[in-house]
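To start, the structure under review is shown below, and the notes come after it.
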């Protein structure tokens, strides 16, 4: 378990290393805790993907196809990070809950 942690530490730099360095020794050994901390540090959270989905606009020079791929990616990540089932009712609750 400790091996992946020390291997990861060597690969990190900048903000990621700062984030990792702020974790306790126990947290640094827990993959899920490290992942959660890094995702929060880089604002890759349920809320950030929800905001991106809600405010997404076609960028200058962006094709409609690329825009659709981008907005679907935001939606997929929002749903995944919210741990919502992909049923109609649960998706409706997610959108209305906002």
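The values are calculated or read from the model by the stated rules, or taken from the named source; none is laboratory data. All of these numbers come straight from a predicted model, not from anything done at the bench. Cβ: placed from backbone, ideal geometry, glycine included. Neighbour counts: every protein chain shown.
Before moving on, here are some points about what is shown:
- Figure legend. Inter-residue proximity from the range 48-75: first residues in the same structural domain as residue 36 (by TED's automatic domain parsing) and at pLDDT below 95, second residues exposed (fewer than 11 other Cβ atoms within 10 Å of the Cβ) and assigned to a loop (DSSP other than H, G, I, E, B), beta-carbon distance below 9 Å, spacing 6+ or different chains. No pairs are indicated.
- The range 1-43 - residue that is touching a residue at least 24 places away in the same chain (Cβ under 8 Å) and out of contact with any helix residue (DSSP H, G or I) (no Cβ under 8 Å at 6 or more places or on another chain) and, of those, nearest to residue 82 (Cα to Cα): 1
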